[in-house]
1. When you look at A119, is it touching an Asp or Glu at 6+ places or on another chain (Cβ under 6 Å), near the ligand (Cβ under 9 Å from one of its atoms) and at negative phi, yes or no?
2. What pairs come up if the first residue lies in segment 90-104 and is farther than 14 Å from M121 by Cβ, the second is within 8 Å of the ligand (Cβ to nearest atom) and of a type outside the set (K, R), and their beta carbons are under 9 Å apart, counting only those six or more places apart or on different chains?
3. Give me a count of the residues in segment 34-47 that are under 15 Å from P73 (Cα atoms) and open to solvent by 40 Å² or more (accessible area, probe 1.4 Å).
4. Among the residues of segment 1-30, what is the count of those that are under 14 Å from the mean Cα position of the chain (by Cα) and of a type outside the set (S, T, Y)?
5. Where residues in segment 6-55 are among the hydroxyl-bearing types (S, T, Y) and assigned to a strand (DSSP E or B), which of them is farthest from L126 (Cα to Cα)?
6. For segment 59-76, give me each residue that is more than 14 Å from the ligand (Cβ to nearest atom) and open to solvent by less than 30 Å² (accessible area, probe 1.4 Å).
7. Give just the number: which of (1) open to solvent by 30 Å² or more (accessible area, probe 1.4 Å); (2) more than 9 Å from the ligand (Cβ to nearest atom); (3) of a type outside the set (A, V, I, L, M) does R100 not satisfy?
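The values are calculated or read from the model by the stated rules, or taken from the named source; none is laboratory data. Worth saying up front: this structure is predicted, and the values here are computed from it rather than measured. Here Cβ is always computed from backbone atoms with ideal geometry, including for glycine, and neighbour counts include all displayed protein chains. These area figures cover heavy atoms from the full protein model, side chains too; ligands, DNA and RNA do not enter into them. Shrake-Rupley method; radii C 1.70, N 1.55, O 1.52, S 1.80 Å.
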Amino acid sequence: MANTIVVDIVTPERLLLSDSVDMVTLPGSLGQMGILHGHAPLLSTLDIGEIILHKGNETQFIAVSGGVVEVRPDKVTILADTAEASDEIDAERAQAALARTEKMLAENPQPTQRPVLEAAMRRSNLRLKVARRHQGRRHAEGLSYEGKQ
Ligand code: ATP
């Protein structure tokens, strides 16, 4: 379709998503990037962060923990280290992982372990944030449904 861009999100385990969207925003290593149809070709590494897909009135949120992205004018290919859609994140698991990591950080880890633990903490915090976006949307949908009655 004119003015849309195809987005593929692939992890080592699976193809998470292949869809045609109006706009995608990505956590590039140099900052959040907004990509529309016709964007100049580029290659970038990805940071731990949120991918946001805009399609009509819908917005979809995905947690990504690094990887690479190739942008072409009509297609964005994301090779992610890990990626989860907001509705498939297990918030309890993320909370438990966060608590474990915080405990290890508080126990004076080896200097080489510190960045590894800090990255794990960022992944867990991101998963919690993206999972909350899903809960927030369900809440908003519930409110508008109730409003119609
Ligand atoms: P954990 O200690 O809970 O495994 P982690 O940050 O070490 O957390 P990762 O190594 O980043 O986990 O991911 C391992 C796999 O598990 C990936 O496929 C990732 O998508 C998935 N995953 C990790 N945490 C969650 C979660 N909270 N909900 C759903 N999938 C998750």
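1. no
2. D90/E84; D90/A131; A91/A131; R93/S124
3. 9
4. Start the filter on segment 1-30 by keeping residues that are under 14 Å from the mean Cα position of the chain (by Cα), which leaves 7-11, 16-17, 24-29.
Subsequent filtering for residues that are of a type outside the set (S, T, Y) retains 7-10, 16-17, 24, 26-28.
Of the residues in that region, 10 qualify.
5. Initially, segment 6-55 is screened for residues among the hydroxyl-bearing types (S, T, Y), giving 11, 18, 20, 25, 29, 44-45.
Restricting the remaining residues to those that are assigned to a strand (DSSP E or B) gives 18, 20, 25, 44-45.
Working: S18: 22, S20: 25, T25: 15, S44: 20, T45: 18 Å.
Among those that are among the hydroxyl-bearing types (S, T, Y) and assigned to a strand (DSSP E or B), it is S20.
6. Across segment 59-76, the qualifying residues are V69, V71, V76.
7. Against the list (1) open to solvent by 30 Å² or more (accessible area, probe 1.4 Å); (2) more than 9 Å from the ligand (Cβ to nearest atom); (3) of a type outside the set (A, V, I, L, M), R100 comes up short only on (2).
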